[in-house]
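Everything below concerns the one structure shown next.
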Amino acid sequence: MKTIGVLTSGGDAPGMNAAIRAVVRTAISLGMNVKGIRRGYNGLIEGDVIDLDLRSVSDIIHRGGTFLYTARSPKFKTEEGIALAVENCKKLGIEGIVVIGGDGSYRGARDLSNHGIPCVGIPGTIDNDISSTDYTIGFDTAMNTAVEMVDRIRDTAQSHDRCSVVEVMGRHAGFIAVQTGIAVGATSILIPEIEPDLDAIIEKMKNSNKTGKKHFIIVVAEGVNIEGGVDAIAKKIESETGIESRATVLGHVQRGGSPTVRDRVCATELGNAAVHLLNHGIGNRVVGYKDGGLVNYDIFEALNMEKSLDFDMVEVAHETSI
Ligand code: ADP
Ligand code: F6P
């Protein structure tokens, strides 16, 4: 391949810029040209494409967000949208594409590959919910931000002898909640993978209260299905324990900020690996990590994999928070 494209798609994640940089620098090192496709698949449909050289990715390794912008593109899911994207690839001489995003973005990459444009997917999402990899770019930064925020909340909860119920992101998965919850020493962690039992939490709080514990942190994954969300949980806890309670939704603060060392290093390694595949003429793949090592899989196979939470860690959290 002489020319490849790179795009970011779906929700942004800290480390995406580091991945774009790695793609551009690796491709140029291997003698290829790189085009940056802006706003995800929308950029392919609309031909919003820029040339990227070595210096156009200077000074971005430490920045959150994505300098190529990102989007969710409903039009790309239609035959018309894909046809326009393929036509633009041909017009612009784009022979392969590195797609940085989540599962949805992988589906788009699979469709493009099936239409003759080889793609390689890089896992980029704070949720860590991509089955074909143990780790996704952005997860570590998001959790470090969440932990920093909860530590602040804890200062005020402690001063007032209160309970703070904090919602973290994660879409339908509890990966962020479990590790954040352990790191902040949460009394309880509610995740979508386990049926929530508020009565058990209240009982646990009452028992801990008897042993001298006066402030509490409850971490709740956004995917937990409780009507009224964290506000309703805080109200119920307050009325049944008598402990004043407050609810906080951390929200998009978790998506921004300078990527951690782990995210920068993973993004660089994965970006490099993705380009090497395309350079060998290999497409329709995704890169990632399994059992500590770098792996790549067929996209179709990757999309059919399943991933489970580490339930042993849920037990660790439970036993260490009495
Ligand atoms: P993520 O990649 O973070 O999971 P989305 O699910 O929103 O985010 O997907 C990002 C984009 O990928 C979508 O806006 C769309 O352009 C493309 N995409 C998602 N699902 C499909 C699909 N089934 N077929 C083709 N493209 C898809
Ligand atoms: O997938 C990343 C994520 O931040 C999820 O944790 C969250 O559910 C969703 O995206 C929020 O999406 P939006 O930015 O569209 O509000």
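Of the strands (runs of 3 or more DSSP E) lying entirely inside the range 80-183, not one carries at least 2 residues that are farther than 30 Å from residue 243 by Cα, away from ligand 1 (no atom under 16 Å from the Cβ) and touching a residue at least 12 places away in the same chain (Cβ under 8 Å). Of the residues that make up the range 245-252, is at least one touching a residue at least 60 places away in the same chain (Cβ under 8 Å), within 30 Å of residue 20 (Cβ to Cβ) and surrounded by 20 or more Cβ atoms within 10 Å (Cβ to Cβ)? The answer is yes; a qualifying residue exists. For the range 225-240, taking the residues that are in a helix (DSSP H, G or I) and not hydrophobic (A, V, I, L, M, F, W, C), the one that is surrounded by the fewest Cβ atoms within 10 Å (Cβ to Cβ) is identified as 239.
Might you let me know whether the range 73-85 holds any residue that is crowded, with 20+ Cβ neighbours inside 10 Å and within 16 Å of ligand 2 (Cβ to nearest atom)? Yes: the range 73-85 contains one or more residues that are crowded, with 20+ Cβ neighbours inside 10 Å and within 16 Å of ligand 2 (Cβ to nearest atom). Within the range 174-216, being under 15 Å from residue 164 (Cα atoms) and in contact with an Asp or Glu (Cβ under 8 Å, 6 or more places away or on another chain) holds for 184, 202, 214, 215. Among the residues of the range 33-83, those that are of a type in the set (A, V, I, L, M) and under 14 Å from residue 94 (Cα atoms) comprise 34, 37, 44, 45, 49, 50, 52. No other residue among 6, 24 is free of Cβ contacts under 8 Å to residues at least 40 places away in the same chain, at negative phi and surrounded by 23 or more Cβ atoms within 10 Å (Cβ to Cβ) apart from 24.
Take the conditions (1) out of contact with any Cys (no Cβ under 6 Å at 6 or more places or on another chain); (2) closer than 20 Å to residue 116 by Cα; (3) not aromatic (Phe, Trp, Tyr); residue 99 misses just one of them, which is (1).
Quick grid of which residues meet (1) away from ligand 2 (no atom under 16 Å from the Cβ); (2) within 18 Å of residue 275 (Cβ to Cβ):
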{"residue": "29", "(1), (2)": "yes, yes"}
{"residue": "60", "(1), (2)": "yes, yes"}
{"residue": "63", "(1), (2)": "yes, no"}
{"residue": "88", "(1), (2)": "yes, no"}
{"residue": "104", "(1), (2)": "no, no"}
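Within the range 223-236, is there a residue that is under 24 Å from residue 124 (Cβ atoms) and at pLDDT 95 or above? Looking for residues that are under 24 Å from residue 124 (Cβ atoms) and at pLDDT 95 or above, one finds at least one in the range 223-236, hence yes. Within the range 27-57, the set of residues being polar (S, T, N, Q) and either within 16 Å of ligand 1 (Cβ to nearest atom) or touching a residue at least 12 places away in the same chain (Cβ under 8 Å) (or both) comprises 33, 42, 56.
Scanning the range 281-292 turns up one or more residues that are surrounded by fewer than 15 Cβ atoms within 10 Å (Cβ to Cβ) and part of a strand (DSSP E or B). Out of 187, 180, 211, one residue alone is hydroxyl-bearing (Ser, Thr, Tyr), within 16 Å of ligand 2 (Cβ to nearest atom) and either surrounded by fewer than 17 Cβ atoms within 10 Å (Cβ to Cβ) or modelled with pLDDT of 95 or more (or both). It is 180.
The values are calculated or read from the model by the stated rules, or taken from the named source; none is laboratory data. The model shown is predicted, which means the values in this text are computed figures rather than measured ones. Methodologically, a virtual Cβ is constructed for each residue, glycine included, from the backbone with ideal geometry; neighbour enumeration extends over all protein chains shown.
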